[in-house]
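A short worksheet on the structure shown next.
The values are calculated or read from the model by the stated rules, or taken from the named source; none is laboratory data. Everything numeric in this text was worked out from a predicted model, so none of it was measured. Using ideal geometry, Cβ is built from the backbone for each residue, glycine included, and neighbour counts are taken over all protein chains shown. Heavy atoms of the whole protein, side chains included, go into the accessibility calculation; ligands, DNA and RNA do not. Shrake-Rupley method; radii C 1.70, N 1.55, O 1.52, S 1.80 Å.
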Amino acid sequence: MDDQTQEMVALTENIREFEEEALRTIERAESWELPDLRIHYLGRKGSLRALYALVPGLPEGARAGIGRRLNEVRANVETALEKAQTVSDMIADKYHLDVTKPGHVAAEDVDVTMPGRMPRIGKRNPLLTTLEDMVDVFVGMGFKVAEGPEVETYYYSFPKLNYPEWHPAMDSQMTFYVNDDVLLRSQTSTVQIRVMENQEPPVRVVVPGRCFRRDTVDATHSHTFYQIEGLLVDEGVTFADLKGALEIFAREMFGPDIHTRFRPDFFPFTEPSAEFALTCVKCRGAGQNAGEMCRVCRGSGWLEVGGSGMVDPNVLAGVGYDPERYTGWAFGCGIERFAMLRYGIDDIRLFYGSDMRFLEQF
Ligand code: DAH
């Protein structure tokens, strides 16, 4: 091989290496590097120009061939730059990125086939489901839903509900005081007063809401808990109406074989007052399950779930209603108890923990 031929072989090899390096670099380049690469490879002082500059000095017979080869390389580099720019523009457009500066996601880093990340979704608390189902039964009977403040005055909590001053009945309502006149309500009964003060009879409301008491937390007690209150005031309302409404309520919540039982009790705001119980939802009143004493009702066949009674005339008079003309009934009960019975939950604290392992079961 003579010198000239050797020179030609070396040049051809240089051109091939240049092309290979340029195409590979462009393919791997970040978007913002493309303009500089174009200058570097194709610019007036670029590497390709340096190769072109060799052509005039080549032997006659080789010039045309090398020239064509260089044209081909230029076209290939040009195409590669355009292709990279197109991809970069597409990604920039789709993801609203500024691809002219470092720091954005490089084109080849975006894998559009990668599965997305599922957001973690919470679950509805069974306590809320129960609350809504209880409300729904009364809404179906024509009741409206009312709400009242959780931070309540002493006045609405006790005197307006006919609690005599310093009466021991207040002990069962031991709650948290903000000051002497303001406290966290211990029962939704306070909302009875607020509703009646704001409207004339007939009144038909249910009041679901959060209450507070100074109870030590254990499996069945919580300082924060939920109650639902019912109140109906109209002309000619009797205790039989109360029994009928709660009988329907029991049946709708737990099934047609579940009934109510009323026994005398005392609440300052009702007279007469009655504790109400439901047929045990576990043993369905039998007091036993397969020969074993029922643990849920301790064998009695009944579950005491709330208080009720005829609205005391003093309470009616206190809100400006004529007790000679109007009578009414009221009831109140805890919602946790219902939810626990319904779902077989044995620890009240589970309702407030937001533990997904618990919530996921409903
Ligand atoms: N508020 C009472 C309690 O928390 C329950 C209650 C009893 C509500 C009698 C009433 C009622 O509306 O009439 O213990």
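If you add up the charges near Leu350, with Lys and Arg at +1 and Asp and Glu at -1, over every other residue whose beta carbon is less than 13 angstrom from its beta carbon, what do you get?
-3
What is the Cα convex hull volume of the stretch 3-106 when expressed per residue in Å³?
83 Å³
What Cys residues in the chain have no fellow cysteine's beta-carbon under 4.7 angstrom?
Cys211, Cys333 - these cysteines have no disulfide-compatible partner (Cβ-Cβ under 4.7 Å) in the chain.
Rolling a 1.4 angstrom probe over the protein chains, ignoring ligands and nucleic acids, what is the accessible area of Met114 in square angstrom, nearest 10?
It works out to around 130 Å².
Is the stretch 118-216 rounded, prolate or oblate when judged by the Cα gyration tensor, a ≥ b ≥ c being the square roots of its eigenvalues, rounded requiring a/c under 1.5 and prolate requiring a/b larger than b/c?
Note, shape of the stretch 118-216 comes out oblate.
Round to a whole number: what % of the accessible area of the stretch 231-344 belongs to carbon and sulfur, probe 1.4 Å?
Carbon plus sulfur share of accessible area: 48 percent.
Report the relative contact order of the chain, percent, no decimals, based on alpha-carbon pairs under 8 angstrom and at least 6 residues apart.
Reported as a whole number, the value is 14 percent.
Let me cross-check Asp36: its accessible surface, 1.4 Å probe, with only protein heavy atoms counted, in Å² to the nearest 10?
110 Å²
Using alpha-carbon positions, what is the distance between the centroids of the stretch 1-40 and the stretch 223-300, in Å?
90 Å
Using only C-alpha atoms and all pairs of different ones, pull out the Kirkwood radius for the chain in Å with one decimal.
27.4 Å is the Kirkwood radius here.
Gain in length, Asp136 to Arg210, computed as 0.36 nm per residue apart minus the alpha-carbon separation, to one decimal in nm?
Working it through step by step, the gained length comes to 24.9 nm.
With Cβ to Cβ distances under 14 Å as the rule, what net charge do the other residues near Arg204 carry (K, R +1; D, E -1)?
Charge balance near Arg204 sits at -4.
What is the stretch 288-362 by shape, rounded, prolate or oblate, if you read a ≥ b ≥ c off the alpha carbon gyration tensor as root eigenvalues and call it rounded for a/c under 1.5, prolate for a/b larger than b/c, and oblate otherwise?
Since a/c reaches 1.5 but b/c is at least a/b, the shape of the stretch 288-362 is classed as oblate.
What pairs from Lys45/Lys94; Lys45/Lys83; Lys160/Lys243 go past 32 Å between their alpha carbons?
Pairs exceeding the cut-off: Lys45/Lys94.
How much accessible area per residue does the stretch 126-359 have, in Å², with a 1.4 Å probe?
Computed with neighbouring chains in place, this is 48 Å² per residue.
From the phi of every residue in the stretch 279-287, what ³J(HN,Hα) in whole Hz does the Karplus formula 6.51 cos²θ - 1.76 cosθ + 1.60 yield, where θ is phi - 60° and glycine or proline is x?
Here the 3J(HN,Hα) series is 3, 4, 7, 8, 8, 6, x, 6, x Hz.
Keeping all protein chains in place and using 1.4 angstrom, which order do Met118, Met170, Met196, Met356 fall into by accessible surface area, from largest down?
Highest to lowest solvent-accessible surface, that is Met118, Met356, Met170, Met196.
Among DSSP beta bridges lying fully in the chain, give the percent that are antiparallel, nearest 5.
95 percent
Find, among the trypsin sites (Lys or Arg not before Pro) in the stretch 281-362, those assigned to loop by DSSP (not H, G, I, E, B) with at most 13 other beta-carbon atoms within 10 angstrom.
Sparse-neighbourhood loop trypsin sites (Lys or Arg not before Pro): Arg295, Arg298, Arg325.
Read phi for every residue in the stretch 251-263 and hand back ³J(HN,Hα) as whole Hz from Karplus 6.51 cos²θ - 1.76 cosθ + 1.60, θ = phi - 60°, with x for Gly and Pro.
Values, residue by residue: 5, 5, 6, 10, x, x, 8, 9, 10, 10, 9, 10, 9 Hz.
Leaving ligands, DNA and RNA out of it, rank Asp234, Asp180 by accessible area with a 1.4 Å probe, largest first.
Largest accessible area first, the residues go Asp180, Asp234.
Put Arg210, Arg44, Arg185 in order of accessible area, largest first, 1.4 Å probe: what do you get?
In descending accessible area the options line up as Arg44, Arg210, Arg185.
Can you give me the relative contact order of the stretch 1-94 as a percent, contacts being Cα pairs under 8 Å and 6 or more apart?
Averaging sequence separation for qualifying contacts and normalising by length gives 34 percent for the stretch 1-94.
For the pair Met90 and Ile121, what calculated FRET efficiency results from E = 1/(1 + (r/R0)^6), where r is the Cβ-Cβ distance and R0 = 30 Å, to the nearest 0.05?
0.40
Suppose a student asked you for the relative contact order of the stretch 138-212, using Cα pairs under 8 Å spaced at least 6 residues apart; what percent would you report?
45 percent
At 1.306 mPa s and 10 °C, plugging the Kirkwood radius over alpha-carbon pairs of the stretch 202-316 into Stokes-Einstein gives what diffusion coefficient in µm²/s?
It diffuses with D of about 100 µm²/s by this estimate.
So who's got an amide H within less than 5 Å of the one on Cys211, skipping anything under 5 residues away but keeping other chains? H placed 1.01 Å off N, in plane.
Phe225, Tyr226, Gln227
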